[in-house]
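What follows is a short report on a single structure.
Taken together, the values in this text are just the output of simple stated rules run on the coordinates, not laboratory data. Treat the numbers as computed from the prediction; the structure is a model and nothing was measured. Here the Cβ positions follow ideal geometry from the backbone for every residue, glycine too, while neighbour counts run over all protein chains shown.
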Amino acid sequence: MKSRLGKARLRVPKKARRGDVIEIRVMVEHPMESGFRHDNVGKLVPRHIATDFYCRYNGREVFRAILHPAVSTNPYFSFYLVAQETGELVFSWADDRGGTVTETAQLTVS
């Protein structure tokens, strides 16, 4: 079956001062079917969930989440990180059908 892992949306400040605590907000479009729901004719809807999310800051993992069927449609995360240096934030999601989405954002630290 085909993955339905969709578009990712990011809210990352473009600039911060060294030592500032910044908020990162991310969401990915995904149906998050638990495998327990039935369709309109009584047939079980197959399980299809996003299973993993991580964020790397200049190559170092700073946030990771392992997802389960109880997570709602379009998983959303908000977390904080300390701005240490200018660099790249890489956000990656994977689902149980082999789908992946990766997005990047630049952070300039002064």
Original post:
Among strands (runs of 3 or more DSSP E) lying entirely in segment 1-108, which contain 2 or more residues that are charged (D, E, K, R)?
Top reply: 8-11, 21-28, 50-57, 60-66, 87-95
Subject >> Failed item, numbered, when Ala65 is tested on (1) surrounded by 15 or more Cβ atoms within 10 Å (Cβ to Cβ); (2) touching a residue at least 60 places away in the same chain (Cβ under 8 Å) >> reply: (2)
Original post:
Would you say Ser92 is small (Gly, Ala, Ser), without any contact (Cβ under 8 Å) to a residue 60 or more places away in the chain and in contact with a Cys (Cβ under 9 Å, 6 or more places away or on another chain)?
Top reply: yes
Subject >> Failed criterion for Gly59 (all others in (1) out of contact with any strand residue (DSSP E or B) (no Cβ under 6 Å at 6 or more places or on another chain); (2) surrounded by 17 or more Cβ atoms within 10 Å (Cβ to Cβ) hold) >> reply: (2)
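Does Arg60 satisfy the criteria of being among the charged types (D, E, K, R), out of contact with any Lys or Arg (no Cβ under 7 Å at 6 or more places or on another chain) and without any contact (Cβ under 8 Å) to a residue 12 or more places away in the chain? Steps first, answer last, please.
On the way: among the charged types (D, E, K, R): yes; out of contact with any Lys or Arg (no Cβ under 7 Å at 6 or more places or on another chain): yes; without any contact (Cβ under 8 Å) to a residue 12 or more places away in the chain: yes.
Yes; evaluated as a whole, the condition is true for this residue.
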